[in-house]
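First comes the structure, then the notes that go with it.
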Amino acid sequence: MKDKTIAILENRTAEQMADLVRKYGGTPFSAPALAEIPDIDPAHITELLDDWRTNPQEIFIFQTGVGTKALFATTDTLGLTDTLLRLLEASRVVVRGPKPTAVLRSRGVRIDLAAKDPFTTAEVMAELDATVKLEGKRVVVQRYGETNVELQEALQSRGAAVTEVATYRWSLPANIDPLIKLIEALERKEIDMVAFTSASQATNFFAVARQLGKQESLKASLNQTLIASIGPVCSAMLSKLGVNVNVEAHPPKLGPFVTAINEAFSKS
């Protein structure tokens with residue numbers, strides 16, 4: 001990616017990704033499209049744990065590392081982590097990917113089922129369907145930035161009773177000026193590639209464009225440059241928004257993502 005300008009919509013790992021772009025000789029254009037807002041209610045967590053002592057939940061599904069960490073941080077503060085660990089010990093623990101796996105293992109939690117690469121809802125349900133009859137089961141889902149509607153509907157369609165535990169929510173950043181500048185840079189054809197690391201970045205980017213009356217213009221600009229997607233969920237959203245994806249990471253992780261971007265320019 002030497003001498004190429006790569007737009008980065010990542011927030012949490014933006015600087016790490018920018019460093020990798022520079023390592024390969026590229027120029028990062030940072031325009032965070034996502035803000036993670038804490039959304040965990042300690043009183044509600046206390047109520048849930050009290051209820052689960054009486055009505056044990058049979059399956060816990062952890063979807064993200066940051067959300068799993070936030071849940072344990074809250075139970076630490078409440079002095080209820082031992083209670084949570086006992087409840088997990090008595091249930092079946094399911095993880096969607098390596099990040100929640102790492103957090104749970106750091107707490108000594110046994111993991112019963114782990115979704116296979118590329119760690120989407122489809123892989124979570126494949127593991128469950130192969131090993132568990134979900135009819136009548138009580139299932140707790142650690143929510144990430146927004147409700148995973150696909151997962152919730154899949155569980156409910158199989159007869160499970162689902163309880164969501166909110167830990168954080170996604171929002172537009174307080175400062176959207178970098179996104180506006182990116183839209184303008186794309187119009188001037190100053191960007192060689194836009195790198196999306198989540199589906200919500202794509203929806204937020206288009207939400208900003210909609211505010212400016214530039215939704216169709218943004219779609220046209222994106223389809224005139226190269227688009228990189230971190231994985232299939234992100235790619236599906238971009239496709240839904242009418243944007244063609246040129247590069248997709250395998251597996252959907254930051255290192256392979258930047259490598260795939262560099263290789264795409266090497267071949268061109």
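Observations
- Restricting attention to segment 121-150 and to residues that are in a helix (DSSP H, G or I) and touching a Leu at 6+ places or on another chain (Cβ under 9 Å), the residue that is modelled with the lowest pLDDT turns out to be THR121.
- Selected residue (only one of GLN215, GLN224, GLN211, GLN201 is polar (S, T, N, Q) and in contact with a Lys or Arg (Cβ under 9 Å, 6 or more places away or on another chain)): GLN224
- Complete set of residues in segment 6-41 that are of a type in the set (Val, Ile, Thr) and within 30 Å of THR74 (Cα to Cα): THR13, ILE37, ILE40
- Test result for THR131, of a type in the set (S, T, N, Q) and closer than 17 Å to ARG92 by Cα: yes
- Among the criteria (1) of a type outside the set (Asp, Glu); (2) modelled with pLDDT of 95 or more; (3) under 29 Å from SER235 (Cβ atoms); (4) loosely packed, with under 14 Cβ neighbours inside 10 Å, the one ALA90 does not fulfil is (3).
- Some residue of segment 229-252 being more than 23 Å from ARG96 (Cα to Cα), part of a helix (DSSP H, G or I), outside the structural domain of GLU123 (by TED's automatic domain parsing) and touching a strand residue (DSSP E or B) at 6+ places or on another chain (Cβ under 9 Å): no
- All conditions but one from (1) at pLDDT below 95; (2) over 25 Å from PRO38 (Cα atoms); (3) not aromatic (Phe, Trp, Tyr) apply to VAL194; the one that does not is (1).
- Among the residues making up segment 93-120, those that are modelled with pLDDT of 95 or more and of a type in the set (Ser, Thr, Tyr) are THR101, SER106.
- Residue in segment 66-76 that is of a type outside the set (Asp, Glu), within 29 Å of LYS133 (Cβ to Cβ), at pLDDT below 95 and not in a loop (DSSP other than H, G, I, E, B) present: yes
- Selected residue (criterion: surrounded by the most Cβ atoms within 10 Å (Cβ to Cβ)) from residues of segment 22-39 that are out of contact with any strand residue (DSSP E or B) (no Cβ under 7 Å at 6 or more places or on another chain) and within 27 Å of PRO98 (Cα to Cα): ALA33
- Where a residue in segment 208-219 is closer than 18 Å to SER171 by Cβ and its partner, wherever it lies, is surrounded by 14 or more Cβ atoms within 10 Å (Cβ to Cβ) and of a type in the set (S, T, N, Q), with Cβ under 6 Å and at least six apart: ALA209/GLN215
- Test: residue in segment 42-63 that is closer than 30 Å to LEU179 by Cα and either in contact (Cβ under 8 Å) with a residue 60 or more places away in the chain or crowded, with 18+ Cβ neighbours inside 10 Å (or both): yes
- Of the listed requirements (1) in contact (Cβ under 8 Å) with a residue 40 or more places away in the chain; (2) farther than 20 Å from LYS23 by Cβ, ALA195 misses just one: (2).
Table: residues versus (1) under 30 Å from PHE265 (Cα atoms); (2) touching a Leu at 6+ places or on another chain (Cβ under 9 Å); (3) of a type in the set (S, T, N, Q).
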| site | (1), (2), (3) |
| --- | --- |
| THR27 | yes, no, yes |
| PRO38 | no, no, no |
| VAL66 | no, no, no |
| ALA70 | no, no, no |
| THR101 | no, no, yes |
| LEU113 | no, yes, no |
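The values are calculated or read from the model by the stated rules, or taken from the named source; none is laboratory data. Since the model is a prediction, treat every value here as computed from it, not as a measurement. Methodologically, a virtual Cβ is constructed for each residue, glycine included, from the backbone with ideal geometry; neighbour enumeration extends over all protein chains shown.
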